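Presented below is the structure to which this report refers.
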Amino acid sequence: LASRATPMSVAADTSASPLTAECALAKSAKGAACVQLVGQVLDNPSLYVFGELLDMPNVQALADGPPAHAAAYELLKIFAYGTWKDYTARAAQLGQLSAAQATKLKKLSVVSLAAASKSLPYDTLLSELEIGSVRELENLLIECVYGELLSGKLDQQARVFEVHHSLGRDLHPSEVAQMGELLSRWHSGALDALGSIRSKLETYKARCEAASATAAELNSSVENVRANLRAQDDSEPGGGGGGGGGGG
């Protein structure tokens with residue numbers, strides 16, 4: 001690990017593993033089999049997005065099933081767009097997580113915190129993740145970096161993780177409208193920028209054409225002056241030997 005003077009910087013390619021195989025299994029898995037599939041997905045250390053699975057009819061049907069089935073569905077939603085604190089607030093209802101699931105949810109919680117702030121103090125992380133030691137926290141952050149969930153600088157002296165980039169998590173349904181509004185504003189801004197660029201290009205083109213016309217006019221004037229000078233030289237008496245002196 002690096003000190004503040006030489007912080008650890010690791011770039012991450014934040015691509016997530018696809019859920020193609022799991023979604024294919026969810027088409028036929030129902031009831032207890034679907035609950036088991038959800039558990040396997042939550043245990044899988046390479047899966048960090050769950051929106052496609054949440055949209056599968058058999059998975060959504062768990063919400064209306066027995067308590068254990070509904071709990072599996074609610075837990076999947078927390079892994080999709082919730083945090084460790086969201087889980088602990090409902091742990092009695094949702095059941096105990098496996099060690100792998102607990103670690104995974106804490107990593108996802110770090111990703112959510114990283115999306116909200118580019119500077120994550122250790123004290124905040126220790127509290128939000130309910131981790132008992134700095135060593136354990138730093139190990140978790142290193143796993144997040146090497147697992148390509150985020151990239152940044154781990155500054156032990158300042159006790160802060162400086163975020164450069166983080167994985168995009170699934171959108172909560174309540175955030176879809178807001179995201180649509182943001183995209184609409186981005187689209188409007190992009191159109192304005194494009195219009196401005198086009199205007200500047202037209203202005204530049206007009207100036208280039210004007211400069212070209214001016215240069216052509218100047219060249220024409222120069223050629224006219226040269227032609228006049230040549231004409232004047234041709235009209236003057238020949239410059240040949242001057243008159244001879246008279247004899248005596």
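Structure notes:
- Convex hull volume per residue for the range 123-171, taking Cα atoms only, in Å³: 87 Å³
- 10 Å binning of all Cα-Cα separations within the range 43-199, expressed as whole percents from 0 upward: 9, 33, 30, 18, 7, 2, 0
- Long-range HN-HN contacts of G152 with modeled amide H, under 5 Å: V10, H164
- The mean accessible area for residues of the range 25-125, using a 1.4 Å probe and ignoring ligands and nucleic acids, is 45 Å² per residue.
- Using the Cβ-Cβ distance between A21 and H164 with R0 set to 25 Å, the FRET efficiency from 1/(1 + (r/R0)^6) comes to roughly 0.20.
- Alpha-carbon Debye profile of the range 34-106, log10 I(q)/I(0) at 0.23, 0.24 Å⁻¹: -1.06, -1.17
- The trypsin sites (Lys or Arg not before Pro) of the range 84-140 that meet both conditions, a loop assignment by DSSP and at most 13 other Cβ atoms within 10 Å of the site Cβ, are K118.
- Table column - 3J(HN,Hα) (Hz), the range 119-134, Karplus curve with 6.51, -1.76, 1.60, x for Gly and Pro: 9, 10, x, 4, 4, 5, 5, 4, 6, 5, 9, 6, 9, x, 9, 5
- √(5λ) per eigenvalue of the Cα gyration tensor, the range 112-229, largest first, Å: 61, 22, 10
- The range 15-92 and the range 117-155 have their alpha-carbon centroids 25 Å apart.
The values are calculated or read from the model by the stated rules, or taken from the named source; none is laboratory data. What you see is a predicted model, and the numbers here were worked out from it, not measured in a lab. Glycine also receives a Cβ, built like all others from the backbone with ideal geometry; neighbour counts cover every protein chain displayed. What goes into the accessible areas is simple: the full protein's heavy atoms, side chains included, and nothing from ligands, DNA or RNA. Shrake-Rupley method; radii C 1.70, N 1.55, O 1.52, S 1.80 Å.
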